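J.: This is the structure, below, for whatever I ask next.
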Amino acid sequence: QLQASGGGVVQAGGSLRLSCTASGFTFSTYTLGWFRQAPGKETEFVARINRSKITNYADSVKGRFAISRDNAKKTVYLQMNSLKFEDTAVYYCVARPLALGNWHYWGRGTLVTVSS
């Protein structure tokens, strides 16, 4: 249902763009998001974008990351700039039908490794 891509190894201060393509639900009406899980840590919220393209970010990525969506391509993006070592994690794209509530769909993660 959700297929993420774009992970890789990048030096600190660099940029990376993650993509996540959806299928099997009405993409344009869903709220989409990204979570991440660093080694040995809990999964944490990163960003979300609703059907009206209103966005929210975790404080730790605000000003550095940007979430966007292309409804025609059924794809959500996460542009990550000024990457830090602590951004190293497996990143998951998620989707839910409402602005609030549980995330119905979780994609397989894509690994982002930031080298110092």
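The values are calculated or read from the model by the stated rules, or taken from the named source; none is laboratory data. Since this is a predicted model, take the numbers as computed values, not measurements. Methodologically, a virtual Cβ is constructed for each residue, glycine included, from the backbone with ideal geometry; neighbour enumeration extends over all protein chains shown. For accessibility, only protein heavy atoms count, side chains too; no ligands or nucleic acids. Shrake-Rupley method; radii C 1.70, N 1.55, O 1.52, S 1.80 Å.
J.: Among the residues of the range 80-116, how many are loosely packed, with under 14 Cβ neighbours inside 10 Å and part of a strand (DSSP E or B)?
T.: Qualifying residue count, the range 80-116: 3.
J.: Inspect all residues belonging to the range 31-41 and state whether any of them is out of contact with any Gly (no Cβ under 6 Å at 6 or more places or on another chain), modelled with pLDDT of 95 or more, basic (Lys, Arg) and open to solvent by 20 Å² or more (accessible area, probe 1.4 Å).
T.: Taking every residue of the range 31-41 in turn, at least one turns out to be out of contact with any Gly (no Cβ under 6 Å at 6 or more places or on another chain), modelled with pLDDT of 95 or more, basic (Lys, Arg) and open to solvent by 20 Å² or more (accessible area, probe 1.4 Å).
J.: Sort through 53, 62 and tell me the only one that's closer than 12 Å to residue 32 by Cα, modelled with pLDDT of 95 or more and open to solvent by 40 Å² or more (accessible area, probe 1.4 Å). Full working, then the answer.
T.: Working: 62 fails: closer than 12 Å to residue 32 by Cα.
None of the others qualify; the one that does is 53.
J.: Still on this structure, please answer the following. Residue 11 is checked against (1) within 21 Å of residue 113 (Cα to Cα); (2) out of contact with any Ser or Thr (no Cβ under 7 Å at 6 or more places or on another chain); (3) loosely packed, with under 15 Cβ neighbours inside 10 Å and fails just one. What number does that condition carry?
T.: Among (1) within 21 Å of residue 113 (Cα to Cα); (2) out of contact with any Ser or Thr (no Cβ under 7 Å at 6 or more places or on another chain); (3) loosely packed, with under 15 Cβ neighbours inside 10 Å, the lone unmet condition for residue 11 is (2).
J.: Please report, ordered by residue number, the strands (runs of 3 or more DSSP E) entirely within the range 1-62 with at least 2 residues that are closer than 16 Å to residue 87 by Cα and of a type outside the set (D, E, K, R).
T.: On the way: elements: 2-5, 8-11, 16-22, 31-37, 43-49, 55-57.
Of the strands (runs of 3 or more DSSP E) lying wholly inside the range 1-62, those with at least 2 residues that are closer than 16 Å to residue 87 by Cα and of a type outside the set (D, E, K, R) span 8-11, 16-22, 31-37, 43-49.
J.: Quick one: residue 17 ticks every box in (1) free of Cβ contacts under 8 Å to residues at least 40 places away in the same chain; (2) open to solvent by 50 Å² or more (accessible area, probe 1.4 Å); (3) more than 13 Å from residue 103 (Cβ to Cβ) bar one, so which box is it?
T.: (1)
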